[in-house]
Amino acid sequence: MTVLDKQVEAAAPAAAPRGGRGTAWLIGAGLVAALLVLVPVAGALGAYPIPVGDVWASLQHRAGLGGAGLDRVAESVLWNVRFPRIVLALLVGASLGCAGALMQGVFGNPLAEPGVIGISAGAAVGAVASIAFGITFLGTWTVPAFAFLAGLATVLLVYALSRSGGRSEVVTLILTGIAVNAFAGALIGLFLFFADAAAIQQITFWQLGSLSQATWPKVLAVLPCAVVGLGLAPLYSRRLDLLALGERPARHLGVEVERLRIVLILVIALLTAAAVSVSGIISFVGLVVPHLLRMAAGPGHRFLVPGSALLGALVLLAADLAARTVAVPAELPLGVLTALLGSPFFFWLLRRTRRRQGGWA
């Protein structure tokens, strides 16, 4: 155990209570089991139904573990349409959930989510600009590429504008993010004003959020960013526990607060920009998911960060399944569905926590 680990154990025992570790493991196992059940169910349900047993058989057949291949149509639907969408939902949901947990830890604010520092709005500006002005030099990759680069650039701009005297403050970052979000909204409105009817329709569809255009190349485009971000995030869990004590105590305990903030903001930007670039704006996943786990297993980030990734993946996969099956043959916009369900649910969480605990844990 390193010196920093010992300091975390000594200074912040409440962040990871011994009795809560068993609960955390139980919740983690439950989330993994739920994902193992939901993935084949999501593969089976849709406009072209496929029995769950056939989905398992096809998976085993592709993995060389026995099973049997399906007929040509079922095999094509399963592997060229549904599985890319399922994998993309898992990656996007895990990225947004993990980014939300990191945001709330870095900012020490339970209302923080990735959109606060302008990532989603910046990505939307890039996507809307490419659509409105008919930029297509990257083919089908043009919109995701513009969204990703604009999201990253926006975060760097917010951080540069909020930095003063060699450091940044949380309040300044949040206020700068609000200002940049407003400016991004104005740019989007301006682009819409100059766009033609077809572009406006495409822009509206993108902003509503959807995974209907999922393909294996898009999965491969998001995968490196998600793997890097999700791999780095848990490494900073102990430092986030110390940061929860306050910036000054964290510095006394050896945490380089400014460096930690820079690294985690870049990780958050990487995860969120990659997710938004292929799915559009999907709200409330990064806000609600960490709160659910915090209420169930406590505020310790050693479980909260990876647990939020698991629960985010599960929530978005379930939401996407509902979006494409509730109104068959039509499909509900995924971002609209998550906002419709997330808003009242978050309000219920807020009221419940205030009533039972007198505030957030």
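For the reader, a short list of remarks on this structure follows.
- Test for Arg324: is it over 22 Å from Val92 (Cβ atoms), of a type outside the set (Asp, Glu) and in a helix (DSSP H, G or I): no
- Reported count of residues in the range 123-175, each being of a type in the set (Ser, Thr, Tyr) and touching a Phe, Trp or Tyr at 6+ places or on another chain (Cβ under 6 Å), is 1.
- Condition check for Ala339: closer than 18 Å to Ala89 by Cβ and either without any contact (Cβ under 8 Å) to a residue 60 or more places away in the chain or part of a loop (DSSP other than H, G, I, E, B) (or both): yes
- For the range 35-50, the count of residues that are out of contact with any helix residue (DSSP H, G or I) (no Cβ under 9 Å at 6 or more places or on another chain) and modelled with pLDDT under 90 is nonzero.
- When Ile135, Ile200 are checked against the criterion of being modelled with pLDDT of 85 or more and part of a helix (DSSP H, G or I), a single residue qualifies: Ile200.
- Looking only at the range 10-34, and only at residues there that are loosely packed, with under 12 Cβ neighbours inside 10 Å and modelled with pLDDT under 85, the one that is nearest to Gly93 (Cα to Cα): Gly22
- Exclusive hit being over 30 Å from Leu220 (Cβ atoms), modelled with pLDDT under 90 and surrounded by 22 or more Cβ atoms within 10 Å (Cβ to Cβ), set Ala361, Ala297: Ala297
The values are calculated or read from the model by the stated rules, or taken from the named source; none is laboratory data. Here the structure is a predicted model, which is why all the values come from computation and not from measurement. When we count neighbours, we look across all protein chains shown, and the Cβ atoms used for this are built from the backbone with ideal geometry, even at glycine.
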